[in-house]
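Comments concern the structure below.
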Amino acid sequence: MAQSFVDAKLRAGKVTVFEKESCPFCVRAKTIIHKYKFKKDRLEIINIANMENVSSIQDYLCQLSGERTVPRIFIEKECIGGCSDLVPLDSSGELEKRLIGIGALEQ
């Protein structure tokens, strides 16, 4: 069930963030992501903290990315990592290039 839930969220042209709202790394990642003006339905932030299958979701995220921790940030079906991976992508301008490249941002 966790696998089908996660896989259904990862789509072309979309950024998906799996988070726990109380996590300071998730808060920082969302602050960075919210700097960008996304087209409607091109960004989804999913709070997994209170889901009954949270452990299974994190296990599957580990299978996909090598890490169970949140946030787990996906550009389309590719996991770009967590907050510590997002910061340099944003600072270098690479994040914006990738978001433009998948058509996720408003012009």
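A short reminder: the numbers here are calculations on the coordinates, not readings from a lab. From a predicted model like this one, the values you see are computed outputs, not experimental measurements. So basically every Cβ, Gly included, is an ideal-geometry build from the backbone, and we count neighbours across all protein chains shown.
Sort out which residues of segment 10-29 are under 18 Å from Leu86 (Cβ atoms), in contact (Cβ under 8 Å) with a residue 12 or more places away in the chain and not in a strand (DSSP E or B), and write them in order of number.
Leu10, Lys14, Lys20, Glu21, Cys23, Phe25, Cys26, Arg28, Ala29
Go through segment 52-93 and count every residue that is loosely packed, with under 14 Cβ neighbours inside 10 Å, touching a Lys or Arg at 6+ places or on another chain (Cβ under 6 Å) and touching a residue at least 60 places away in the same chain (Cβ under 8 Å).
The total comes to 0.
In the set Ile80, Ile32, Ile57, Ile48, which member is β-branched (Val, Ile, Thr) and over 13 Å from the mean Cα position of the chain (by Cα)?
Testing whether each residue is β-branched (Val, Ile, Thr) and over 13 Å from the mean Cα position of the chain (by Cα) leaves just Ile57.
Tell me the residue from Ile32, Ile57, Ile100, Ile46 that is aliphatic (A, V, I, L, M) and part of a strand (DSSP E or B), please.
Ile46
Looking at segment 64-73, can you tell me whether even one residue there is β-branched (Val, Ile, Thr), in contact with a strand residue (DSSP E or B) (Cβ under 7 Å, 6 or more places away or on another chain) and assigned to a loop (DSSP other than H, G, I, E, B)?
Within segment 64-73, one or more residues are β-branched (Val, Ile, Thr), in contact with a strand residue (DSSP E or B) (Cβ under 7 Å, 6 or more places away or on another chain) and assigned to a loop (DSSP other than H, G, I, E, B).
Among the residues of segment 76-89, is there at least one that is closer than 22 Å to Met1 by Cα and assigned to a strand (DSSP E or B)?
yes
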